[in-house]
Amino acid sequence: MNAEPDRSHEDEAASSDTEMTAEAAEPVDTEEETAAAAGEGASDDPLAELQAKADENWDKYLRALAELENIRKRAEREVANAHKFALERFATDLLAVCDSLEMAQVAERDASIESLIEGNEATLKLLGTVLRRFGIEELDPQGEPFDPNLHEAMTMQPSDTVEPGSVINVFQKGYALNGRLLRPARVVVASEPAETSKKG
């Protein structure tokens with residue numbers, strides 16, 4: 001009687017072939033799919049990001065440029081107004097002097113000489129107050145040493161009562177604005193006294 005062949009080895013070989021076939025049937029990830037998975041969540045287009053950033057910076061630049069232009073125009077207007085109305089306060093204060101002169105002119109018909117002199121002195125005092133308020137200084141160098149930076153010598157006169165080079169008379173007062181000369185004082189300057197002839 002013939003023995004039956006051992007089929008256990010054949011069954012094991014068939015099972016092994018089935019497993020290998022199943023493994024081969026599983027999909028294999030490609031390099032592109034792996035890179036896509038790794039880049040998931042990142043920007044799809046880096047160039048678009050850079051372009052958006054450039055557009056944002058350009059917009060900021062245009063806004064800053066417009067603001068600078070507005071500041072420049074505003075400064076120009078302020079300077080123009082400063083030049084145009086620089087004397088506004090000074091002119092307003094001078095109106096008080098004009099009013100005083102007009103009142104004196106109306107009153108002089110019936111006023112006495114004394115009252116006219118007093119009115120004139122009051123007007124000059126008021127004018128001096130206005131000038132000093134705006135930094136205008138009166139130069140009256142009577143008796144002072146002659147200063148060519150502030151005085152204009154009209155003539156020289158010998159004198160034995162004052163030092164040579166001193167101002168002995170003021171023809172016209174000078175004025176300075178905040179230390180800057182507006183008009184020099186016109187003066188007479190003392191010179192050496194003339195020598196008297198010796199009696200022999």
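Whose amide H sits under 5 Å from the amide H of Ser191, counting only residues 5 or more places off or on another chain, with H placed in the peptide plane?
Gln157, Ser159, Gly165
Lys and Arg at +1, Asp and Glu at -1: add these up for the other residues within a Cβ distance under 12 Å of Arg132 and post the number.
On the way: positive: Lys125, Arg133; negative: Asp93, Glu137, Glu138.
With Lys, Arg at +1 and Asp, Glu at -1, the net is -1.
Taking the Cα atoms of the range 136-194, what is the range of coordinates along each of the three principal axes, in descending order and whole Å?
39, 15, 15
So if the hydrodynamic radius of the range 71-200 is defined as the Kirkwood radius over C-alpha pairs, what does Stokes-Einstein give as its diffusion coefficient at 37 °C and 0.692 mPa s, in µm² per second?
The Stokes-Einstein estimate is 177 µm²/s.
Under a plain spin-label model, where a point goes 7 Å from the Cα along Cα-to-Cβ, how far apart in nm are Leu62 and Leu181?
Those two pseudo-labels are separated by 5.9 nm.
Between Val79 and Asp160, what is the FRET efficiency for a Förster distance of 45 Å, r being their Cβ-Cβ separation, to the nearest 0.05?
About 0.20, to the nearest 0.05.
By how many nm would the segment from Leu124 to Ala48 grow when fully extended, if each residue of separation counts as 0.36 nm and the alpha-carbon distance is taken off?
Working: separation 76, 0.36 × 76 = 27.36 nm, distance 7.96 nm.
Result for the pair: 19.4 nm of gain on full extension.
How large is ³J(HN,Hα), in whole Hz, for each residue of the range 87-98 in order, when computed from phi with the Karplus curve 6.51 cos²θ - 1.76 cosθ + 1.60 and θ = phi - 60°, using x for Gly and Pro?
3J(HN,Hα) across the range 87-98, in whole Hz: 9, 4, 5, 4, 5, 4, 5, 5, 4, 5, 5, 4.
For Gln172 and Glu152 in the same chain, what is the full-extension length gain: residue separation times 0.36 nm, less their Cα-Cα distance, in nm? Walk me through the numbers on the way to the answer.
Values: separation 20, 0.36 × 20 = 7.20 nm, distance 0.96 nm.
Stretched out fully, the Gln172 to Glu152 stretch lengthens by 6.2 nm.
The numbers here are math on the coordinates, done by the rules we state, and not lab data. Note that the structure is a prediction, hence the values are computed from the model and not measured. So basically every Cβ, Gly included, is an ideal-geometry build from the backbone, and we count neighbours across all protein chains shown.
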